[in-house]
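See below for the structure under consideration.
The values are calculated or read from the model by the stated rules, or taken from the named source; none is laboratory data. Computed from a predicted structure; not experimentally measured. Heads up, the Cβs are rebuilt from the backbone with ideal geometry, glycines too, and the neighbour counts pull from every protein chain shown. Protein only, heavy atoms only, side chains kept; ligands, DNA and RNA dropped before computing areas. Shrake-Rupley method; radii C 1.70, N 1.55, O 1.52, S 1.80 Å.
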There are 2 protein chains.
Amino acid sequence: MVGTKTEGVMRLRPDDASALTDRVPAVDADASAHVVPHPARNLATGTLGKAFDVLDVIALSPKPLRFTDLLGLVDQPRGTLHRQVSNLIEEGVVLVNADGSYAPGLRLLKWAARAWSQNSFRIIAEPHVRQLHEATGETVHLGVLSGLEVIYVDKLETNQAVRMHSQVGNASPLYCTGIGKAMLALLDADQCAQRIQQFSYQRHTQATLYTPELLLAEIETIRTQGVAHDREEHEPGIRCVAAGIDGQDTGTIAGVSVTAPSYRIAEDALLRWEILVRETARSIEADMKAKMGPRSHE
Amino acid sequence: MVGTKTEGVMRLRPDDASALTDRVPAVDADASAHVVPHPARNLATGTLGKAFDVLDVIALSPKPLRFTDLLGLVDQPRGTLHRQVSNLIEEGVVLVNADGSYAPGLRLLKWAARAWSQNSFRIIAEPHVRQLHEATGETVHLGVLSGLEVIYVDKLETNQAVRMHSQVGNASPLYCTGIGKAMLALLDADQCAQRIQQFSYQRHTQATLYTPELLLAEIETIRTQGVAHDREEHEPGIRCVAAGIDGQDTGTIAGVSVTAPSYRIAEDALLRWEILVRETARSIEADMKAKMGPRSHE
DNA sequence: AATTGAGTTCCATATAATGGAACAAAATGA
DNA sequence: TCATTTTGTTCCATTATATGGAACTCAATT
């Protein structure tokens, strides 16, 4: 019986990419960085795949899209696209704004609330993540590999703020985040290489590893060290230490990390984190083995 | 409508209530919902509708379902259902647990995070909701009408607890919640009557209005008073005062509420809340009118 | 070894999605 | 103001896709 005592609680926050606080200047001052399409899209197989493809474009677009905008982003004839969107609207997963632009619908919230609260990996990992948070006193993330991205499923913030935010459900690229790189290092050569090819690299900061070569070398290092560092590669001024979690026969690949602003991190803290984060990852793996068992198929 | 008891251990929530009592409401496999936007479920139109129907059953089930369980809940032949589920899995919206049971997938989180953060109604309502929270010092909910349910899109809790929880995305029935009843009172006679017929009533508490007649009378009262009361009709010991929000030509029907445990509510507070909640609803409506404009099409 | 139950695959058929083109409705602009 | 373009919507013969009954595999049970 895995996770019989779920806390049906999900916290969402507006997409504020900053891993840390609101004081981060946000690199995306230049809109051009954001305009870049949607990196991790499925190759639409079947009717369902195509519909989700459209939903993806609508949901993941940084700006509201109207019909013609969509038409430019999705490779579909007008009539077809129109019907696909109509269906999505009728199903409540897409809604139409006042100006005719589309947005993802609230029906998705309901599904997601369940997806989060029922997720057995997250449930198993939670106590370990909390322990890491208490041990370090810094922000801790828990993320899961999904395609070319890491999807965050939990976050414990250094609670200095009055309100506690979370960015559950937000996604980041693999190549410029600690958890992302740690997960890549866990994949077998093929899987890893394949993804490294597919990324559409962007220099989020000066330190971003923005070529397959740089990334491959980094991942080699991560493999030997067992931890990954994000040295302000995603957000300026933000560092993190992460470790990958290999779900083995459960099929889950995930990661944990500790994050903090660079100026606050002492050398010895960094070392201590490496150990703690690695231990946390190992504990979670052990717990998964004990509580989840092998996956039956696929 | 939710355990605001901060003791953190015995938190009961709509979702996991069934984890304890195994009466299993068994996913309302009822009904012939037609005209309503996206009804609870059923009458799957097109391939997409059928797929979402399956997803709904998987996501909304109180207990993990394996293939044969699903087969009993969805009206589809084996071969068909198998392919539908396979497609959902391939698309990442359904995942397979270790024991072969299905669960909603994490891809939904990403969509939902966007749906929430982009939702213009929620954005407009937020400052008003926060103001109400500050004025009352009690838990405040913001919910939107979706089919036969209210989906909560925001929640400000009385922050006595260390961790702040939210149940964004959770859904509750219309007939036994303050916001739900307030929204019903806002609908035109047809829409209202239609839903009142479709509900599958359950006596959540002693006070639950569990027949169409009781409910209709209540709604009449709500119409004249402009506020709805939840007198421990959903959760024992929990009361709330709610007001409906009529989005007019935006098509949105929503509601706000103030919630607290019965023992803590003084008579004068109740009166004060009625006024504050109603004012909040009116302010949100005004803001919507100003900032959203009419919807272009159905 | 025989039997049941759960899950998966196959494939002729029916059904639903497709997409080009014609149509309607706003927005533009001269 | 009316013509013109842009944007969104509908139609329908064609084609691709989903359908579902049946046969099959693989474990558990007896």
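The table that follows gives values for the structure above.
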| read-out | value |
| --- | --- |
| Region B:216-234: number of residues that are within 20 Å of the chain's Cα centre (by Cα), within 20 Å of residue B:274 (Cα to Cα) and of a type outside the set (Gly, Ala, Ser) | 10 |
| Residue B:265 within 14 Å of chain A (Cβ to nearest Cβ) and away from DNA strand C (no atom under 16 Å from the Cβ) | no |
| Failed condition for residue B:112, given (1) at pLDDT 95 or above; (2) open to solvent by less than 20 Å² (accessible area, probe 1.4 Å) | (1) |
| Region A:70-86, residues that are of a type in the set (A, V, I, L, M) and within 9 Å of DNA strand D (Cβ to nearest atom) | A:70, A:71, A:81, A:85 |
| Filter result for residue B:249 (closer than 30 Å to residue A:94 by Cα and within 16 Å of DNA strand D (Cβ to nearest atom)) | yes |
| Listing of helices (runs of 4 or more DSSP H) fully contained in region A:64-145 that carry 2 or more residues being within 11 Å of chain B (Cβ to nearest Cβ) | A:78-90, A:107-118, A:120-136 |
| Single unsatisfied condition, residue B:198 versus (1) more than 19 Å from residue B:154 (Cα to Cα); (2) among the polar types (S, T, N, Q); (3) out of contact with any Leu (no Cβ under 7 Å at 6 or more places or on another chain) | (3) |
| Residue list for region A:82-97, restricted to those being surrounded by fewer than 18 Cβ atoms within 10 Å (Cβ to Cβ) and either at pLDDT 95 or above or closer than 27 Å to residue A:172 by Cβ (or both) | A:82, A:83, A:86 |
| Top-ranked residue of region A:53-69 - restricted to ones that are touching a strand residue (DSSP E or B) at 6+ places or on another chain (Cβ under 7 Å) and within 11 Å of DNA strand D (Cβ to nearest atom), ranked as farthest from residue B:120 (Cα to Cα) | A:65 |
| Which numbered condition residue B:58 fails, given (1) over 21 Å from residue A:50 (Cα atoms); (2) at pLDDT 95 or above; (3) within 11 Å of DNA strand C (Cβ to nearest atom) | (3) |
